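Here the structure comes first, spelled out in structure tokens, and everything after it is commentary.
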Amino acid sequence: MSILANFSNVMKHYGSQEVLTGIDWQLQDRTRAALVGRNGTGKTTLFRLLGGEVQPDHGNLILRPGAVIATMEQEMRAEDGRTLREEASRGLKHIEELQEEFDRTTYELSQVKEGDAHAEKLLDRYGYLEERLQQVGAYSAEARVKSVLSGLHFTDADLDRPLLEFSGGQKNRAGLAKVLLRDPDLLLLDEPTNHLDLDAIEWLENFLDSYQGAYLIVSHDKVFLNRLS
């Protein structure tokens with residue numbers, strides 16, 4: 001297994017309050033862990049360090065180059081009229097970018113003249129992008145969006161409703177769907193079972209059980225954590 005993140009004697013304080021002291025810790029490709037403790041003991045600070053929102057005051061935190069780390073938004077904004085489907089699909093931005101590059105490469109290949117020295121390089125890039133699109137499930141992306149939203153108890157009728165129409169709890173579920181669809185190397189989930197009913201919690205447990213990446217969870221839901229352990 002390769003190392004995703006390495007904490008070496010990391011310290012962090014806010015004003016005179018020392019929140020983290022001498023943290024030495026490694027997260028690997030398939031790390032699955034829960035952060036448990038009283039409020040104010042540094043759980044959120046660890047997430048913010050991993051997400052790049054803050055830097056250590058002392059020590060080193062080294063992240064694997066290219067590693068994708070994703071965290072839930074605590075307050076979902078919906079000012080621009082996006083629908084639920086569109087908001088969740090933002091988690092697939094990496095697929096959209098791959099598809100756009102694939103389309104550009106396909107067009108460039110169509111313009112290549114016989115004997116063009118650039119052709120072989122384009123063909124190699126085309127083959128790589130085609131394989132990557134298959135690996136990330138680009139051709140089933142829409143079905144994945146619907147499946148995740150359904151698992152979190154949204155109906156088909158909800159998909160094209162403006163996000164502005166949903167309650168705060170429903171918006172949080174939409175944010176959870178978006179981060180799960182992103183399929184990052186490391187998922188950071190802060191109280192993910194908030195606003196979920198029992199069926200949706202069971203669906204999330206099954207999702208995480210089969211997840212291929214690493215995840216860290218902050219939760220006060222002891223039953224949920226015990227089922228994942």
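The values are calculated or read from the model by the stated rules, or taken from the named source; none is laboratory data. Predicted, not measured: the structure shown is a model, and the values here were computed from it. In this analysis, Cβ positions are derived from the backbone assuming ideal geometry, glycine residues included, and neighbour counts consider all displayed protein chains.
Descriptive notes on the structure:
- On inspection, Glu191 fails the criterion of being out of contact with any Ser or Thr (no Cβ under 6 Å at 6 or more places or on another chain) and among the acidic types (Asp, Glu).
For (1) without any contact (Cβ under 8 Å) to a residue 60 or more places away in the chain; (2) under 16 Å from Arg82 (Cβ atoms); (3) of a type in the set (S, T, N, Q), each residue gets a yes or a no:
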position	(1), (2), (3)
Phe166	no, yes, no
Leu180	no, no, no
Asn194	yes, no, yes
Asp197	yes, no, no
Ser219	no, no, yes
Phe224	yes, no, no
Leu228	no, no, no
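- Residue match in region 106-114 (condition: within 30 Å of Lys146 (Cβ to Cβ) and of a type outside the set (Ser, Thr, Tyr)): no
- Pick from region 121-146, criterion charged (D, E, K, R) and over 22 Å from Leu109 (Cα atoms), ranking: modelled with the highest pLDDT: Lys146
- Residues considered: Leu159, Leu228, Leu198. Of these, the only one that is over 25 Å from Lys93 (Cβ atoms), touching a strand residue (DSSP E or B) at 6+ places or on another chain (Cβ under 9 Å), surrounded by fewer than 19 Cβ atoms within 10 Å (Cβ to Cβ) and not polar (S, T, N, Q) is Leu228.
- Only residues that are in a loop (DSSP other than H, G, I, E, B), β-branched (Val, Ile, Thr) and closer than 23 Å to Phe224 by Cβ were counted in region 21-68, giving 3.
- Only residues that are in a loop (DSSP other than H, G, I, E, B) and among the hydroxyl-bearing types (Ser, Thr, Tyr) were counted in region 126-172, giving 2.
- When the criteria are applied in full, Leu63 fails the requirement of being surrounded by 13 or more Cβ atoms within 10 Å (Cβ to Cβ), in contact (Cβ under 8 Å) with a residue 24 or more places away in the chain and closer than 30 Å to Leu152 by Cα.
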